[in-house]
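Asker: My structure is below; once you've seen it, I'll send some questions.
The values are calculated or read from the model by the stated rules, or taken from the named source; none is laboratory data. Only a predicted model underlies this, so the values are computations on that prediction, with no experimental measurement involved. Positions of Cβ are backbone-derived with ideal geometry, glycine not excepted, and every protein chain shown enters the neighbour counts. Please note that ligands, DNA and RNA were not included when accessible areas were found on the heavy atoms of the full protein model with its side chains. Shrake-Rupley method; radii C 1.70, N 1.55, O 1.52, S 1.80 Å.
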Amino acid sequence: KQINKITKGNKKMILIVGLGNPSKKYENTYHNMGFMTMDTYAEKKGVTLNKNKGNAFVFEGKIGEHKVILAKPKTFMNLSGKSIQSLSTIYKIDAKHILIIYDDIDLELGAVRYRASGSGGTHNGMKDIVNIMGTNEIPRVRIGVGMPENSNMNLADYVLSHISKAKLLLLSEAFEKTADLIDEFIIKGGEIENKSVN
């Protein structure tokens, strides 16, 4: 389904970025929530991220009546800031019109949180983005992946571990909810309020 045209909609260019690690071995891992969300969203809109720009795979064009860039950085997670900075420069997009989507171990599995600003928290990818962009005023959606069931498991190993089919089903609902948030962010030009979606 396409985004419907609205009378007082977004006239600004919007950048939506899903974070992850660009290698086949990282597919279906907790650290790739951003990539998986972008895949879900692109499929819903009937578009593909098949251009190569700003150290990322991108779609550039319109979704409905709105100018949008969708991106999956090719830099590895901890260097995400390099790609975001490059994309924001290429497309002349202000930080407040960039939406970053990523995993969060501090939220329960499948929880979805939107915030207009804040630190990178414990997430190395978001920390790198905040550091390189030089601002906390970057909207983000965090998708909860919870903590490992084995309390002795290293957190780095956990976020790079593969997701079971049962948990993937639960997370697929989170991707759909995040897709709705992306639509709202695009239509309102980034002017949406902090919210939790359960």
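Asker: Filter the stretch 64-79 down to the residues that are farther than 21 Å from Phe185 by Cα and touching a helix residue (DSSP H, G or I) at 6+ places or on another chain (Cβ under 8 Å), then identify the one that is surrounded by the most Cβ atoms within 10 Å (Cβ to Cβ).
Answerer: Pass one, the stretch 64-79, residues farther than 21 Å from Phe185 by Cα: 74-79.
Restricting the remaining residues to those that are touching a helix residue (DSSP H, G or I) at 6+ places or on another chain (Cβ under 8 Å) gives 74-75, 77-79.
Details: Lys74: 16, Thr75: 20, Met77: 23, Asn78: 12, Leu79: 16.
Step by step, filter the stretch 64-79, then rank; the result is Met77.
Asker: While we're on this one: Inside the stretch 33-53, can you point out the residues that are closer than 13 Å to Leu15 by Cβ and open to solvent by 10 Å² or more (accessible area, probe 1.4 Å)?
Answerer: Leu49, Lys53
Asker: Given (1) part of a helix (DSSP H, G or I); (2) more than 14 Å from Leu109 (Cα to Cα), where does Ile192 come up short, assuming only one miss?
Answerer: (1)
Asker: List every residue pair whose Cβ atoms sit under 6 Å apart, with the two residues 6 or more apart in sequence or on different chains, where the first one lies in the stretch 88-112 and is within 18 Å of Met38 (Cβ to Cβ) and the second, anywhere, is open to solvent by 10 Å² or more (accessible area, probe 1.4 Å) and among the hydrophobic types (A, V, I, L, M, F, W, C).
Answerer: Pairs that qualify, where the first residue is within 18 Å of Met38 (Cβ to Cβ) and the partner is open to solvent by 10 Å² or more (accessible area, probe 1.4 Å) and among the hydrophobic types (A, V, I, L, M, F, W, C), are Tyr91/Met13; Ile93/Met13; Gly110/Leu170; Val112/Val197.
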